[in-house]
Amino acid sequence: KQEVTQIPAALSVPEGENLVLNCSFTDSAIYNLQWFRQDPGKGLTSLLLIQSSQREQTSGRLNASLDKSSGRSTLYIAASQPGDSATYLCAPRGNTGFQKLVFGTGTRLLVSP
Amino acid sequence: NAGVTQTPKFQVLKTGQSMTLQCAQDMNHNSMYWYRQDPGMGLRLIYYSASEGTTDKGEVPNGYNVSRLNKREFSLRLESAAPSQTSVYFCASTVQEPDTQYFGPGTRLTVL
């Protein structure tokens, strides 16, 4: 059974810092992995989807990397802004048949002005 | 283009009452999902519909039923609500597996 761990559970940084959020998963047989953002009281917004054959995926100030063999993904946020404050969730998807997304419990990020 | 919409936004039930959570998407997506989110447990899949006319159980289906009414709408029914079903419920959709999933704003349900 896939298990997903996100470290740290919470992170507080001053505006402008570059930061890394970590995601580890126990089953490396994945098809892809998604990173989501969740604002308080809101739904999830997809940030990046990285295929198992990819090493990196970039969108603006966000960069996600994937090391499938070691069961790790990182989300790098450059030049953080207060608007980046949210909970970030990673979710790998298995690669056989219909495989559901398995979500981590997230990293709660607070960026202070 | 509203994306994924859910009604109601909030609901309080008494134990034993029934209710239906509604979800609709206007993106012509084939697959739709219902999740619940509980503190410290992440999101867990309740039911999904890979395409119109099909539904399947997810990880935590007990106490729930679903209906894929048409391509746009996917409803979740609680026949006899229990306090353990207090949660935030999210509907999601995707063009087809295994593409990006798009989520609705959620329904906060409290069962007393």
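Bear in mind that the values in this text are calculations on the coordinates, not laboratory data. Note that the structure is predicted; figures quoted are calculated from it, not measured. Glycine also receives a Cβ, built like all others from the backbone with ideal geometry; neighbour counts cover every protein chain displayed.
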For chain A, averaging the sequence separation of alpha carbon pairs under 8 Å that lie six or more residues apart and dividing by its residue count, the contact order in percent is 37
Too long for a 18 Å Cα-Cα cut-off, among A:Lys42/B:Lys71; A:Lys42/A:Lys68; A:Lys100/B:Lys57; A:Lys1/A:Lys100; A:Lys68/B:Lys57, are A:Lys42/B:Lys71; A:Lys42/A:Lys68; A:Lys68/B:Lys57
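Report Rg/Rh for chain B, rounded to two decimals, where Rg is the Cα radius of gyration and Rh the Kirkwood radius.
On the Cα set of chain B, Rg over Rh gives 0.95.
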Residue-wise HN-Hα coupling along region B:26-32, computed from phi with Karplus coefficients 6.51, -1.76, 1.60 (Hz; x: Gly, Pro)
10, 9, 6, 7, 8, 9, 9
Mind listing P(r) for the protein assembly as shown? All alpha-carbon pairs, 10 Å bins, whole percents.
8, 33, 35, 20, 4, 0
When 1/r is averaged over all different Cα pairs and the result inverted, which Kirkwood radius in Å belongs to region A:21-60?
11.8
Kirkwood radius from Cα pairs of region A:1-90 plugged into Stokes-Einstein at 37 °C, 0.692 mPa s, gives D in µm²/s equal to 243
What share of the DSSP beta bridges in chain A is antiparallel, in percent to the nearest 5?
90
Give me the net charge of A:Gln81's neighbourhood, meaning all other residues with Cβ under 11 Å from the Cβ of A:Gln81; Lys, Arg count +1, Asp, Glu -1.
-2
Pairwise FRET efficiency - B:Glu52 versus A:Ala10, Cβ, R0 = 35 Å, nearest 0.05
0.30
Leading residue at positive end of dipole, chain B (Cβ point charges), from B:Phe10, B:Met27, B:Ser93
B:Phe10
